[in-house]
Structure formats: C-alpha cells, structure tokens
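Please read the structure below before turning to the comments.
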Amino acid sequence: MKRIMIHEQYCVGCGLCEVHCLVQHSRSKKIIKAYREQRDEIVPAVQVERLGYESFALQCRHCDDALCIEACMTGALYRDPETGAVLCDTDRCVGCWMCIMVCDAGAIRPGPDGKIASKCDLCSGEEVPVCVENCPNEALVLEDEE
C-alpha cells in the first residue's frame, strides 16, 4: 500500500500541505472561495506541527493494524478494500471520539461541526494526494511501504 511519508529534514513548516488539503476538500475547489466562504466547514486532514525551527506534517498513517477501526462502535471507520486506506463514512460517525483516543499518531480530529471525525482520505480519486503533489521541498512523498 502507498502511504504518505514525511521527511522532516526537508519540511520548513510552510503549511502549503494544509492549504491544498483544505481546498481539495472544499465544495468550490478554489482557494479564495474555500478560505473566505467555506473555511469553517473544513478541517485540513494534514496538520503542520511546529516547534522552533523544527516542523513536520502530521496526517493519518493508514496503519495496517488500525486501532481506530477496531474502536469505532458504529463501523464508520473502515479500510477501503481497493486502496487499503482507512476511511470515514461520515453518515455513520456519531462523534464518540474513540478513534481520536486510540490513534497513536494523533491524526484524527473533530470535524468543523464538532460531531464527525476528520482524517486523511489520501485524496480519494486522485492519483497523488494534493499535500504530496504541492509540497515545495518534497518533504511529503507517496511511497510503497513494505
């Protein structure tokens, strides 16, 4: 399965991965509209953590042994049989936050309404996730993990 990997030594904390993620998951797919009109409706699935001069992008690792799937009482979190990605069926999510509590990476967050889990979906339908495609220093890369 292909996974997004972070090379921290190349990350400068620019936040472009967050910007492109937000735009990708907006209704308009346009940066100005996404920020001006839809900003409160979207939580970027990637979050840049910064501490002094060090930074790295944090997003779902789509773990082989995904504790979030096991902890999800409604079955909203599941593994896509084709891609292997861990996805969230927002219609089934009840916001119990068990997934947040068990996620080792800290990559699942409450959605904008505070009722539905928000996490990386590897930009379903795209060949390359937008955070990877738009990282100027190639700190984020899509790699086959063996």
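What follows draws every value from the coordinates through simple rules; no lab data is involved. In this text the structure is predicted, and so the values were computed from the model without any measurement. Note that each Cβ is placed from the backbone with ideal geometry, even for glycine, and that neighbours are counted across all protein chains shown.
Summary table
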item	result
Debye log10 I(q)/I(0) for the range 64-119, one point scatterer per Cα, at q = 0.31 Å⁻¹	-1.45
DSSP loop trypsin sites (Lys or Arg not before Pro) with at most 16 other Cβ within 10 Å: longest gap in the chain	31-91
Sparse-neighbourhood loop sites, GluC sites (Glu not before Pro) in the range 14-101 - DSSP loop, at most 16 other Cβ within 10 angstrom	E82
Where labels lie 7 Å past Cα in the beta-carbon direction, separation of C96 and E70 in nm	1.5
Rounded FRET efficiency, nearest 0.05, which uses the C-beta distance separating D80 from I32 and R0 of 35 Å	0.65
Coordinate range along principal axes, alpha carbons of the range 24-146, Å, largest first	39, 38, 34
Cross-link partners of K115 among lysines (Cα-Cα below 25 Å; sequence separation of 8 or more within a chain)	K29, K33
Nearest-20 debye value, the range 1-140 charge dipole, Cβ charges on Lys, Arg, Asp, Glu	440
